[in-house]
Structure formats: structure tokens, C-alpha cells
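Before any comments, here is the structure.
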Amino acid sequence: LDVVARDAFERSFAGYSVILVDSPSAQATDAGAEKALGLRPYFVIYDACDVINWDYRVNEVSRKTELSLIVFKETKSAKKGMFLREREVYYRVFWLDDAVLWQLWQEKKNEKGEIECVPVTEPAVITSQVSIPAAIIGKLGDKPPLRDLAYKNIEHAQMYSDYRSIVHKTCVPLPYTTGVSGEEFGRVIVTGK
């Protein structure tokens with residue numbers, strides 16, 4: 001849990017991150033069968049760039065603002081023939097209606113070569129849930145909170161680099177001569193002494 005918490009915190013440097021809690025869809029009759037099948041809840045951390053869309057609503061009963069829609073982009077690598085792999089893009093959608101529903105969509109090219117999203121699964125109800133099972137670290141839509149510090153560090157590094165370059169040019173002795181005319185200049189020999 002420590003590693004996951006650190007990872008989620010680091011990913012929120014992009015502005016925010018989201019932890020989605022999920023569980024396998026298989027059912028077990030008792031705790032022993034559940035343990036034997038390895039059916040345990042798990043969570044997936046999504047970066048800010050993977051959260052495509054979201055919306056909030058005010059709960060009519062509690063008057064609290066709650067997440068009513070969230071769409072995650074997932075990219076998977078799939079085998080294509082013996083020697084190639086191709087990237088497949090999916091969209092996992094969760095929304096609130098009278099219950100929590102979810103659906104999986106996939107990007108595909110149609111006969112015209114245009115990309116369109118087609119449903120992979122039918123909308124399914126998540127039983128025993130009254131809210132979308134997502135924990136948001138930060139606030140959806142926030143800009144990276146440490147961006148200005150990063151730019152300040154870059155500015156400092158560039159200024160220090162410029163300063164070191166100038167110091168090198170001004171602190172290196174340059175040879176010069178006095179009392180030599182322009183005609184004699186071609187005959188002047190500079191030595192290291």
C-alpha cells in the first residue's frame with residue numbers, strides 16, 4: 001500500500017490522478033471459494049491524461065456534489081500476426097443513473113478509415129454501489145501544482161549555465177600587445193610565458 005500511495009501521489013503531480021476500485025465479475029458461493037479463485041477487489045491508478053471526460057451533479061437527497069460521469073482511456077498492446085503488435089484503445093465509462101453503470105468502448109476504424117468508438121460490452125449495473133468507485137487525488141481539471149516551481153528550476157539552471165559561460169570567457173587571460181604597429185603584427189609571436 002505504501003508503494004501504491006507514493007505512486008498515486010507522484011502521478012497527481014500532473015494536476016490530479018484517479019484511483020478506480022474494481023473487482024472481478026466472477027461470483028463465489030462462500031469465502032473459501034472466493035479465496036481459492038483469488039477474487040479480491042483491486043484498484044487501478046489513472047493519470048490525468050487518461051481521464052477523458054467527467055461530470056458532477058448535486059445529489060437530490062443529501063445535496064452533496066457527486067461524480068456522475070467519468071471516462072478513462074486505456075491503451076493495450078495486442079498481438080497482430082506472428083511478429084507484430086498493435087495498440088488498441090479502449091474507453092471505460094462509469095455513470096450514475098438510478099444506479100452506477102459502466103460500459104467498455106473501443107476505438108476502431110470504419111470502412112472509410114475514420115476512427116469511431118464502438119461498444120464492446122453492454123451497459124452493466126454495479127450492484128451494491130451508490131457512487132462511482134473512484135477516488136480522486138487533487139481536483140479533476142486542475143493544472144499541475146508544481147509547474148511554476150519546475151519552470152523556476154529550469155530558469156535557474158539556464159541562468160547558472162549562462163553565468164558559468166560568461167565567467168569562463170571573462171576569467172581566461174587573453175593575450176594582448178602594446179606598442180606594435182599594424183604592419184609588424186604579422187611578425188608578432190605569442191608564447192605561453
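Tabulated results
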read-out: Qualifying residue in the range 76-83 (condition: surrounded by fewer than 12 Cβ atoms within 10 Å (Cβ to Cβ), without any contact (Cβ under 8 Å) to a residue 40 or more places away in the chain and within 16 Å of the chain's Cα centre (by Cα)); value: yes
read-out: Single condition ASP97 does not satisfy, out of (1) more than 14 Å from LEU69 (Cα to Cα); (2) loosely packed, with under 10 Cβ neighbours inside 10 Å; (3) at pLDDT 85 or above; (4) of a type outside the set (A, V, I, L, M, F, W, C); value: (1)
read-out: When residues of the range 49-74 are limited to those that are open to solvent by less than 80 Å² (accessible area, probe 1.4 Å) and among the polar types (S, T, N, Q), the one nearest to ALA124 (Cα to Cα); value: SER68
read-out: Residue match in the range 49-61 (condition: within 30 Å of LYS143 (Cβ to Cβ) and part of a loop (DSSP other than H, G, I, E, B)); value: yes
read-out: Count - residues of the range 28-48 that are open to solvent by 80 Å² or more (accessible area, probe 1.4 Å) and outside any helix (DSSP H, G or I); value: 6
read-out: Hits in the range 126-157 - residues which are open to solvent by less than 90 Å² (accessible area, probe 1.4 Å) and of a type in the set (Ser, Thr, Tyr); value: SER131
read-out: Residue list for the range 2-27, filter: assigned to a loop (DSSP other than H, G, I, E, B) and either open to solvent by 40 Å² or more (accessible area, probe 1.4 Å) or acidic (Asp, Glu) (or both); value: SER23, PRO24, SER25, ALA26, GLN27
read-out: Filtered residues of the range 99-149 (kept if in a loop (DSSP other than H, G, I, E, B) and closer than 21 Å to CYS49 by Cα); value: ILE132, PRO133, LYS139, LEU140, GLY141, ASP142, LYS143, PRO144, PRO145, LEU146
read-out: Enumeration of residues in the range 87-137 that are polar (S, T, N, Q) and over 25 Å from the mean Cα position of the chain (by Cα); value: ASN110, THR121, THR127, SER128, GLN129
read-out: Residue ID - surrounded by the fewest Cβ atoms within 10 Å (Cβ to Cβ), chosen from residues in the range 158-193 that are at pLDDT below 75 and aromatic (Phe, Trp, Tyr); value: TYR176
read-out: Residue in the range 22-40 that is touching a residue at least 24 places away in the same chain (Cβ under 8 Å) and under 20 Å from LYS76 (Cβ atoms) present; value: yes
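The values are calculated or read from the model by the stated rules, or taken from the named source; none is laboratory data. What you see is a predicted model; the values in this text were computed from it and never measured. Note: ideal-geometry Cβ built from the backbone for every residue, glycine included; neighbour counts use all protein chains shown. Side chains included, ligands, DNA and RNA excluded: accessible areas come from the protein's heavy atoms. Shrake-Rupley method; radii C 1.70, N 1.55, O 1.52, S 1.80 Å.
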